[in-house]
Amino acid sequence: MSALPPCPKCNSEFTYEDGTQLVCPECAHEWSATAADAADEGARVYRDSVGNILQDGDTVTVIKDLKLKGGGGTVKVGTKVKNIRLVDSDHDIDCKIDGFGAMSLKTEFVKKVV
Ligand SMILES: [Zn+2]
């Protein structure tokens with residue numbers, strides 16, 4: 001048996017489960033136990049520069065000029081990037097850009113096309 005977490009409001013240890021909710025008998029605070037469970041799985045949520053959730057296969061536009069290393073040119077603001085693939089790294093988007101080929105972008109420099 002795993003111990004239930006203490007009440008986030010008053011730190012009471014006498015919390016109990018009521019369905020999917022946790023309830024504190026001392027201050028009557030109720031909160032969801034499932035939210036914490038979901039976070040534990042480590043599923044990363046990718047968001048673009050304005051907070052849209054990104055998924056594999058999405059189309060995005062670049063929101064600032066991105067100079068490429070080694071004099072490879074500049075990906076201009078407004079460049080459309082189709083069929084992105086999200087990866088768990090510093091540059092978290094793998095994609096191909098017409099005229100440039102395969103490259104990695106950061107989610108903070110793109111905006112989802114909806
Ligand atoms: Zn409480």
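Since every read-out is calculated from the coordinates, none of them should be taken as a lab result. All figures in this text were calculated on a predicted structure; none of them were measured in a lab. Neighbour counts are summed over all protein chains in view; Cβ atoms, including those assigned to glycine, are modelled from backbone coordinates with ideal geometry.
Points to keep in mind about this one:
- From phi via Karplus (6.51, -1.76, 1.60), per-residue ³J(HN,Hα) for segment 78-88 in Hz, x at Gly/Pro: x, 4, 8, 10, 9, 6, 6, 10, 8, 10, 8
- In the chain, taking the dipole from charged Cβ atoms about the Cα centre, the farthest positive-side position among Leu68, Phe14, Ser49 is held by Leu68.
- Summed side-chain charge close to Val62 - residues other than Val62 whose Cβ falls under 14 Å, Lys, Arg +1, Asp, Glu -1: +4
- Across the options His91, Val81, Thr107, the greatest Cα extent toward the positive end of the charge dipole of the chain (unit charges at beta carbon of Lys, Arg, Asp, Glu) belongs to Val81.
- Rounded to the nearest whole Hz, the Karplus-based 3J(HN,Hα) values (6.51 cos²θ - 1.76 cosθ + 1.60, θ = phi - 60°) of segment 62-67 follow the sequence 7, 9, 8, 4, 10, 6, with x at glycine and proline.
- Virtual paramagnetic centre 7 Å along Cα→Cβ of Val50, amide N under 15 Å, in segment 74-95: 78-79
- Base-10 log of normalised Debye intensity for the chain (one unit scatterer per alpha-carbon) at q = 0.16, 0.20, 0.21 Å⁻¹: -0.73, -0.96, -1.04
- Globularity index of segment 66-114 is 1.08 (Cα radius of gyration / 2.2 N^0.38 Å, N = number of residues).
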